[in-house]
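The values are calculated or read from the model by the stated rules, or taken from the named source; none is laboratory data. For clarity, every value in this text was computed on a predicted model and none was experimentally measured. All Cβ positions, glycine included, derive from the backbone under ideal geometry; neighbour counts span all protein chains shown. Protein only, heavy atoms only, side chains kept; ligands, DNA and RNA dropped before computing areas. Shrake-Rupley method; radii C 1.70, N 1.55, O 1.52, S 1.80 Å.
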Amino acid sequence: MAISPPRNRLWWNEPIERVEIGWIVVAFLWGLFMFFFMIAWHFIGGQNLSTETYRIKPPAYEEKVVAFAEKYQVAEEDGTPVVRPPAGEDVYLLARLWEWWPLLELKKGQSYRIHLSSLDWQHGFSLQPVNINISVHPGYEQIITLTPTQAGEFGIACNEYCGIGHHMMTGRIRVVE
Ligand code: CUA
């Protein structure tokens with residue numbers, strides 16, 4: 001029971017203020033515009049990459065990444081293999097609690113097909129500072145075609161909360177001239 005109940009209990013039968021209906025229309029049209037603009041972002045948004053996606057069992061994906069890392073490993077840093085695949089090669093990266101594995105070394109100006117999947121949880125691949133973001137799911141292998149345009153060291157941060165070690169789940173991609 002309200003302290004001062006409205007005199008007319010059927011308040012939803014009251015006519016709507018003109019200003020209010022105006023704002024409802026504006027908000028609705030803006031929502032529609034943003035919805036259909038998603039198609040435009042696909043073409044003009046450099047950060048929204050389109051991916052190919054395939055189903056794969058996590059152990060099968062792990063096997064592929066390990067074989068790839070063994071084949072092209074050139075060094076080791078902090079217990080993580082540094083892998084330098086030849087230009088144009090398929091490149092594999094995995095996410096798991098709580099690391100990105102292995103450390104990739106790519107060549108500037110060359111195109112690579114980067115495969116991404118998770119072995120356990122949902123993780124978020126966030127490449128910094130260029131701000132490319134992709135959700136990484138177990139059971140799905142995603143492939144993006146990437147051509148690094150600048151040399152340097154790029155950080156991968158996990159941006160989907162994945163448990164106690166989430167804040168430590170970082171990786172690196174190195175781009176050399
Ligand atoms: Cu992985 Cu957060």
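Is one or more of the residues making up segment 83-98 away from the ligand (no atom under 13 Å from the Cβ), of a type in the set (D, E), surrounded by fewer than 19 Cβ atoms within 10 Å (Cβ to Cβ) and touching a residue at least 60 places away in the same chain (Cβ under 8 Å)? No, the conditions are met nowhere in segment 83-98. Residues that are open to solvent by less than 30 Å² (accessible area, probe 1.4 Å) and assigned to a strand (DSSP E or B) were ranked within segment 153-163; the one that is nearest to L106 (Cα to Cα) is F154. Looking across segment 72-81, just one residue is surrounded by 11 or more Cβ atoms within 10 Å (Cβ to Cβ) and outside any strand (DSSP E or B), and that is Y72. Inside segment 108-119, can you point out the residues that are modelled with pLDDT under 95 and either within 16 Å of the ligand (Cβ to nearest atom) or surrounded by fewer than 18 Cβ atoms within 10 Å (Cβ to Cβ) (or both)? Selection gives K108, G109, Q110, S111, R113. Considering segment 96-131, and only residues there that are outside any loop (DSSP other than H, G, I, E, B) and of a type in the set (G, A, S), the residue that is nearest to K71 (Cα to Cα) turns out to be S117. When residues in segment 127-177 are screened for being within 15 Å of the ligand (Cβ to nearest atom), within 10 Å of the chain's Cα centre (by Cα) and among the polar types (S, T, N, Q), 3 of them pass.
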